[in-house]
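*Asks:* Got a structure here, written out as structure tokens. Questions coming.
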Amino acid sequence: MSSSRILVLNSGSSSVKYQLLDMRDSSRLAVGLVERIGEETARLRHTPLASGAETREWGGAIADHEAALKAVSAELAKDGLGLDSPELAAIGHRVVHGGKHFTEPTVIDDAVLAEIERLIPVAPLHNPANLTGIRTAQHLRPDLPQVAVFDTAFHTTMPESAARYAIDVETADRHRIRRYGFHGTSHAYVSRATAKLLGKAPEDVNVIVLHLGNGASASAVRGGRCVDTSMGLTPLEGLVMGTRSGDLDPAVIFHLARVGEMSIEEIDTLLNKKSGLIGLCGDNDMREIHRRIDEGDERAQLAFDIYIHRLKKYIGAYYAVLGTVDGIAFTAGVGENAAPVREAALAGLEQLGLVVDAGLNAVRGDEPRLISPDGARVAVAVVPTDEELEIATQTYALVGNR
Ligand code: AMP
């Protein structure tokens, strides 16, 4: 029997999210999450979709990532899907930073591990955790191909004019400072799904993708290739996010250090964890912000207005970068669910051919759908993202037929 299953792992410093997919029909066999790895109060939540059984939750001590993966394998084994199964074709790992080097999903060997490690200075929070996940999986199944799918890969097609900051070239190159972009797996998946929704090949359309989750980024995709994206050296640049500031004058940092007497670590925490929507109004959940606005809360309204103002600026900028736009796609938690955000972001842009139909915008659903009226010059779409499916698809394409 040929192997058709792909396990997708998204490893954080104290968590592992996973999905097991059968690539014969892209169906999900199991999904789950292990949290608080390294603590006495770790939790495992496992939903065995193949058997249709109830979600199982387990709490207790999980010492490290190896113990976590063994616990996941034990849960999968209850349905005959354990890590030792011969039908497992490969493990696909989400790796946040692939730098300039990794432009494609890559089968992991020692040289690849070394390169991911070399990129730690530009991704100090994410790459070490991703590496731990890879090494653990290799240890448990040394015979199995392991594939790295990079969050940055889709953006490596950006021209130098978009990828470089206007700073001294030697300094930038020495420290590998450039705009890498993130959420690439989502931008790749959603831009292709938008082309499909329009009945066209990806090569034949220009699309603006707005990935609006707790982290948020926009991308301009010309004929299937990314030509600009809003995140940069790190995920801090660009749109207003749940807890990140997005764009700001870099001199704010000097000012906070000199006048505010804050340390670099404090400023880092301020801009990454205590800014954006949460810094502006105390909430980073768009549902809560909508509720407060409905009650007349002015801080929530201002936070929403700043969020929309920035989003609109990026839509205009990427429209200009692309020249002609066939579609704009909203995705991720806010983009897929928050109709008021979609409406406000495109309000007043009729001159650009951008119109949202209020009735269509109000409809909820899990499938890709258009929310622009029939015959609109630019299609406006809601396209649920599926990063795990994209990682599994790319992994399978690389190793499935070996
Ligand atoms: P993500 O990072 O893609 O999982 O998105 C998470 C964010 O999506 C949350 O922080 C909320 O702000 C937002 N969100 C999720 N569901 C809704 C909803 N029904 N309406 C508005 N925003 C939502």
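*Asks:* Out of everything in region 330-362 that is outside any helix (DSSP H, G or I) and within 24 Å of the chain's Cα centre (by Cα), what residue ends up being nearest to the ligand (Cβ to nearest atom)?
*Replies:* 338
*Asks:* Same structure again: Please list, ordered by first then second residue, the pairs with beta carbon atoms under 6 Å, 6 or more apart or interchain, first in region 251-274 and over 21 Å from residue 231 (Cβ atoms) and free of Cβ contacts under 8 Å to residues at least 12 places away in the same chain, second outside any loop (DSSP other than H, G, I, E, B) and of a type in the set (A, V, I, L, M, F, W, C).
*Replies:* 262/256
*Asks:* For region 146-157, how many residues are out of contact with any helix residue (DSSP H, G or I) (no Cβ under 8 Å at 6 or more places or on another chain) and under 29 Å from residue 132 (Cβ atoms)?
*Replies:* Number of matching residues: 1.
*Asks:* Residue 324 versus (1) part of a loop (DSSP other than H, G, I, E, B); (2) among the β-branched types (Val, Ile, Thr); (3) crowded, with 16+ Cβ neighbours inside 10 Å: which is the lone unmet condition?
*Replies:* All conditions are met except number (3).
*Asks:* Answer yes or no as to whether residue 51 is in contact with a Lys or Arg (Cβ under 8 Å, 6 or more places away or on another chain) and either of a type outside the set (A, V, I, L, M) or modelled with pLDDT of 95 or more (or both).
*Replies:* The answer is no for residue 51.
*Asks:* Being at pLDDT 95 or above, buried (at least 16 other Cβ atoms within 10 Å of the Cβ) and touching a strand residue (DSSP E or B) at 6+ places or on another chain (Cβ under 9 Å): is that true of residue 185 here?
*Replies:* Yes; evaluated as a whole, the condition is true for this residue.
*Asks:* Of the residues that make up region 105-118, is at least one in contact (Cβ under 8 Å) with a residue 24 or more places away in the chain, among the acidic types (Asp, Glu) and over 26 Å from residue 250 (Cβ atoms)?
*Replies:* no
*Asks:* Can you pull out the strands (runs of 3 or more DSSP E) entirely within region 199-240 that have at least 3 residues that are of a type in the set (Lys, Arg), touching a residue at least 12 places away in the same chain (Cβ under 8 Å) and more than 16 Å from the ligand (Cβ to nearest atom)?
*Replies:* Ranges flagged: none.
*Asks:* Which residue pairs have Cβ atoms closer than 7 Å, lie 6 or more positions apart in sequence or on different chains, and pair a first residue in region 336-349 that is at negative phi with a second residue that is near the ligand (Cβ under 10 Å from one of its atoms) and assigned to a helix (DSSP H, G or I)?
*Replies:* Once the first residue is at negative phi and sits in region 336-349, its partners that are near the ligand (Cβ under 10 Å from one of its atoms) and assigned to a helix (DSSP H, G or I) give 338/286; 340/290; 341/286; 341/334.
*Asks:* I'm trying to understand the selection: among the residues of region 363-402, which are more than 16 Å from the ligand (Cβ to nearest atom) and among the small types (Gly, Ala, Ser)?
*Replies:* 372, 375, 376, 379, 381, 392, 397, 400
*Asks:* Considering region 34-67 alone, what residues qualify as being touching a residue at least 24 places away in the same chain (Cβ under 8 Å) and not aliphatic (A, V, I, L, M)?
*Replies:* Correct list: 36, 38, 39, 46, 48, 51, 64, 65, 66.
*Asks:* Within the bounds of region 266-283, is there any residue that is away from the ligand (no atom under 16 Å from the Cβ), touching a Gly at 6+ places or on another chain (Cβ under 7 Å) and not β-branched (Val, Ile, Thr)?
*Replies:* No: region 266-283 contains no residue that is away from the ligand (no atom under 16 Å from the Cβ), touching a Gly at 6+ places or on another chain (Cβ under 7 Å) and not β-branched (Val, Ile, Thr).
The values are calculated or read from the model by the stated rules, or taken from the named source; none is laboratory data. Keep in mind that this is a model prediction, so the values were computed, not measured. FYI the Cβ positions are ideal-geometry reconstructions off the backbone, even for glycines, and counts take in every protein chain you see.
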